[in-house]
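*Asks:* Here it is, the structure, as structure tokens.
The values are calculated or read from the model by the stated rules, or taken from the named source; none is laboratory data. Just so it is clear, the model here is predicted, and its values are computed rather than measured. When we count neighbours, we look across all protein chains shown, and the Cβ atoms used for this are built from the backbone with ideal geometry, even at glycine.
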């Protein structure tokens, strides 16, 4: 038995809201959509507003991606030291706020900077060695692709969400690099201090 039209309509509405949010120049809308995208991909996604808190985080198993979004920046601007320092400090914040983040033991945390800029001020570089760079245009394109794959998988999802379907979905996610280990491996190769120009 396949899911009814009501399920598909709710998914389509949610997918559209995520895409609209990710295309927005409004940072609050962007971060909400980013969190929702993580949840749709099967991550335990969160966001907490407080002093020095990170933007959304995605957790799956012992893998955690914590974002510093710079989505409202002009592409011709430069990344400052303050923004770089924020991104670099997010893993410490995640560990210090265990009651909010509920990080598992042995978790690997990767801070990821999502930005349209290609240059950084010299003072930013000492803080970027452990930060991954995800260019904003690439992130948006990746999100569209990921949501399209989820949409296709949902077409074959039965009400009982059987084990065979789960195995198929896991295989498709791994093949496309949407699973947490693959995503972290891919992002870790794009170090912000190497990818950004001075």
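*Asks:* Within region 49-69, is even one residue surrounded by 15 or more Cβ atoms within 10 Å (Cβ to Cβ), in contact with a strand residue (DSSP E or B) (Cβ under 8 Å, 6 or more places away or on another chain) and more than 29 Å from residue 174 (Cα to Cα)?
*Replies:* No, because not a single residue in region 49-69 is surrounded by 15 or more Cβ atoms within 10 Å (Cβ to Cβ), in contact with a strand residue (DSSP E or B) (Cβ under 8 Å, 6 or more places away or on another chain) and more than 29 Å from residue 174 (Cα to Cα).
*Asks:* Conditions first: (1) buried (at least 16 other Cβ atoms within 10 Å of the Cβ); (2) more than 17 Å from residue 64 (Cβ to Cβ); (3) at pLDDT 95 or above. Residue 146 passes all but one, so which condition is the exception?
*Replies:* Looking at each condition in turn, residue 146 falls short on (3).
*Asks:* So, residue 158, is that one at pLDDT below 90 and closer than 30 Å to residue 77 by Cβ or not?
*Replies:* no
*Asks:* Residue 107: modelled with pLDDT of 95 or more, more than 19 Å from residue 75 (Cα to Cα) and either in contact with a strand residue (DSSP E or B) (Cβ under 9 Å, 6 or more places away or on another chain) or surrounded by 15 or more Cβ atoms within 10 Å (Cβ to Cβ) (or both), yes or no?
*Replies:* yes
*Asks:* In region 139-161, how many residues are more than 12 Å from the chain's Cα centre (by Cα), within 26 Å of residue 24 (Cα to Cα) and without any contact (Cβ under 8 Å) to a residue 60 or more places away in the chain?
*Replies:* Adding up the residues that qualify gives 5.
*Asks:* Turning to a different aspect of this structure: Restricting the first residue to region 171-195 and requiring it to be more than 16 Å from residue 63 (Cβ to Cβ), which pairs with a second residue that is part of a helix (DSSP H, G or I) meet a Cβ separation below 6 Å and a spacing of at least six or different chains?
*Replies:* Hits for this filter: 176/149; 193/125.
*Asks:* What's the number of the only condition in (1) assigned to a helix (DSSP H, G or I); (2) free of Cβ contacts under 8 Å to residues at least 60 places away in the same chain; (3) under 17 Å from residue 135 (Cα atoms) that residue 55 fails to meet?
*Replies:* The number of the failed condition is (1).
Per-residue answers, yes or no, for (1) in contact with a helix residue (DSSP H, G or I) (Cβ under 9 Å, 6 or more places away or on another chain); (2) on the phi > 0 side of the Ramachandran plot; (3) at pLDDT 95 or above; (4) in a helix (DSSP H, G or I):
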| residue | (1), (2), (3), (4) |
| --- | --- |
| 7 | yes, no, no, yes |
| 12 | yes, no, no, yes |
| 17 | yes, no, yes, yes |
| 20 | yes, no, yes, yes |
| 36 | yes, no, yes, yes |
| 48 | yes, no, no, no |
| 59 | yes, no, yes, no |
| 64 | yes, no, yes, no |
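*Asks:* Give me a count of the residues in region 71-87 that are surrounded by 21 or more Cβ atoms within 10 Å (Cβ to Cβ) and either touching a helix residue (DSSP H, G or I) at 6+ places or on another chain (Cβ under 6 Å) or more than 17 Å from residue 195 (Cβ to Cβ) (or both).
*Replies:* 4
*Asks:* Look through region 13-39, keep the residues that are surrounded by fewer than 17 Cβ atoms within 10 Å (Cβ to Cβ), touching a residue at least 24 places away in the same chain (Cβ under 8 Å) and under 22 Å from residue 173 (Cβ atoms), and return whichever of them is nearest to the chain's Cα centre (by Cα).
*Replies:* 19
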